[in-house]
Structure formats: structure tokens, C-alpha cells
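Before any comments, here is the structure.
Coordinate-derived values only; no laboratory data. The model shown is predicted, which means the values in this text are computed figures rather than measured ones. Using ideal geometry, Cβ is built from the backbone for each residue, glycine included, and neighbour counts are taken over all protein chains shown.
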Amino acid sequence: MSVGYIEPLYLLPFDHRNSYVTGMFDYELPLTAQQHQTVADSKRVIYEGFRQALQCDVPGESAGILVDEEFGAEILRDAAGHGYVTALSTEKSGSDEFEFEYGDAFAEHIEAFDPTFAKVLVRYNPEGDVESNRRQSCRLKQLCDVCRRTNRRFMFELLVPATKAQLNGVQSDQHQYDLKVRPELMLQSIRALQDAGVEPDIWKIEGLDQREDCERVVEVARRDGRREVACIVLGRGADQKKVVSWLETAAKVAGFTGFAVGRTTFWDAVKDFTAGTITRPDAVTRIAERFRRWVEIFEEARAARGRAA
């Protein structure tokens, strides 16, 4: 089923596109050539922060980047040339239903960059639109089949946005949905996708507040002999306190092997740099320090789990 995972795995994701272009720069699509260059250069700042972190005790064999082809093609090539772990996004940005960024040519684009992981972000709610879920599952099976055929690792970022009825059930309280409703929906989603033949090596999971929920996610992800499958926790752009809590909770559970924390790592630093209030080296250092801090937090919690075992 799986071609195996990397443990631990510490990812710096900056494959954001539509939300990044509009939220960071207030640009309107389509971009001009100069605007495109500005966005691409800002992503190089993030990449420089990643590289600086590797010089500050972040383990190079476990650290990696997740970036898009549109603004990060040169970064992907450079990272591969240095032997870093790389993940390439395959989904069309800003779409509620998963579609391939490059349509039927998706496999050619993956092959051209030869990433460690082909990554997909999918919004899937088992109680959502049945036909949309069916279409997504079919496309995802295509991606999975390509990864298996080419012996490439497959990373699946699962988002489970609430339906209107689900939010109404918790009086429109997003925190209560995340705490009491989303965990079970995530389990149902993973089972349904597995049953549809979608077999990731890594499940990229929204942060969970309860250790028991992390344990249940791992149990389902590894059911029926899927012993080589692992989970990593994502940051959702949350504040630092929340990210720390999610990292510590996940790291204490065997099967959660790392994290992918993007916006909380780089957003403020890049925003200040683009506004001209800090220098490029300052932005790079802030990103490196934040990423290094996540690694320290995760490794400390994981070590505590080992001592308690």
C-alpha cells in the first residue's frame, strides 16, 4: 500500500497561492509579471529562513519544504539539488472541490520536479455533498495510482470544513465544532477515502486538542495492515499558543511523526519585510527561529513520550 514515510518529518509549508497573493500583497488576479516576481521573491525569503534553520541544529535529514510550482519552481529545483525533503502541491488553489492544478498533465508536472512527496489539499466532509465527494475520490485515486506506479510518496492534507447543519448543531461555535464534532468526521473521512482506494503515506491532519483524538486518527490511518502510514499535524495559521498546544499533543502519540506549520512560521516576518519595516536578513532570521522553535517543542514532547513508555 505505502512506500514508507520519513520519521521525524518537519515541514515548512509555503505553497499558499490565492490566499497568499491577496492576503499578503492585496494583489488582484491575474498578476502582472512584476507582481509575480515579487511574490516569488518573497517565497525565497521563506526558503532562506528554512536554510538558515538547518544551520541552527534543525536536523537536515528530517526537515523539508512544501511549495508550489507557480511561485516556487526555482526553490524546488534548488532544494532537490541540495538533497532536502521536498513536497509539491498538486491541487488548484482556491477551489472548494479538489481539482488538479494542471489538469490531465498533473503527472508530468510531478515528474518534472521529482519531489519527495506529491501533496494534495482536500476539503472533504463525509456529511457534505455526496457527488462532490465522489468526484474528489475518483481524482484522488488517480493521483494515488500515479504515486504508486512511480514509487513516489503521497501526502494528503485533510481539511474537514463544517456543513451549515453541523455548525448549527454547536450554535455556530467553531471551537466546539473542532473539539467535539470534527474529530469523528475526520475518522469517517479517512475511512471513506481509504475504501475508495486513496492510500497516502502521510496524513496531514488539522490540529487536535485531545490526545485521545490523535490516537484514534492514527488507529484509523493504520488500520488493516497500513503500518507504514504516518500522520503529521498542521498549523492552520493559528496563533503561537495554539500551535504549541497542537504540537505537544500530537508529539505524545506514536504515529504522529512531525508537523507542517506554515503561516504561523512566516506570515508576520514576510508581512513586515514587504512593508519595509524590517530587513530581509531580519525576516530570514525570524522565520528560521520560529521554525527551529517548533522542532524543539515537538522533539521535547516526543522525548517525554519515550521516557514515559
Single residue of segment 237-280 satisfying the filter (touching a Phe, Trp or Tyr at 6+ places or on another chain (Cβ under 6 Å) and of a type in the set (A, V, I, L, M)) that is nearest to Lys43 (Cα to Cα):
Val261
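Give Ser137, Ser189, Ser132, Ser172 a once-over and let me know the one that is of a type in the set (S, T, N, Q) and touching a Pro at 6+ places or on another chain (Cβ under 6 Å).
Details: Ser137 fails: touching a Pro at 6+ places or on another chain (Cβ under 6 Å); Ser132 fails: touching a Pro at 6+ places or on another chain (Cβ under 6 Å); Ser172 fails: touching a Pro at 6+ places or on another chain (Cβ under 6 Å).
Only one candidate qualifies: Ser189.
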Could you say whether any residue in segment 7-27 is out of contact with any strand residue (DSSP E or B) (no Cβ under 8 Å at 6 or more places or on another chain), buried (at least 22 other Cβ atoms within 10 Å of the Cβ) and part of a helix (DSSP H, G or I)?
yes
For segment 148-183, give me the residue count where each residue is in contact with a helix residue (DSSP H, G or I) (Cβ under 8 Å, 6 or more places away or on another chain) and either surrounded by 15 or more Cβ atoms within 10 Å (Cβ to Cβ) or in contact (Cβ under 8 Å) with a residue 24 or more places away in the chain (or both).
15
Could you go through segment 88-99 and let me know if any residue there is surrounded by fewer than 18 Cβ atoms within 10 Å (Cβ to Cβ), among the small types (Gly, Ala, Ser), without any contact (Cβ under 8 Å) to a residue 24 or more places away in the chain and under 30 Å from Arg182 (Cα atoms).
yes
Only helices (runs of 4 or more DSSP H) wholly contained in segment 63-156 count here; list those with 1 or more residues that are of a type in the set (Phe, Trp, Tyr).
69-81, 106-113
Any chance segment 159-181 includes a residue that's assigned to a helix (DSSP H, G or I), under 19 Å from Pro13 (Cβ atoms) and either under 16 Å from the mean Cα position of the chain (by Cα) or not small (Gly, Ala, Ser) (or both)?
no
Residues that are free of Cβ contacts under 8 Å to residues at least 40 places away in the same chain and over 19 Å from Arg152 (Cα atoms), drawn from segment 60-77:
Gly60, Glu74, Ile75
Of the residues in segment 205-234 that are among the small types (Gly, Ala, Ser) and closer than 23 Å to Gly262 by Cα, the one that is surrounded by the most Cβ atoms within 10 Å (Cβ to Cβ) is Ala230
Scanning segment 49-60 for residues that are in a loop (DSSP other than H, G, I, E, B) and in contact with a strand residue (DSSP E or B) (Cβ under 8 Å, 6 or more places away or on another chain), which turns out surrounded by the most Cβ atoms within 10 Å (Cβ to Cβ)?
Val58
Across segment 276-309, the tally of residues that are among the hydroxyl-bearing types (Ser, Thr, Tyr) and out of contact with any helix residue (DSSP H, G or I) (no Cβ under 8 Å at 6 or more places or on another chain) stands at 1
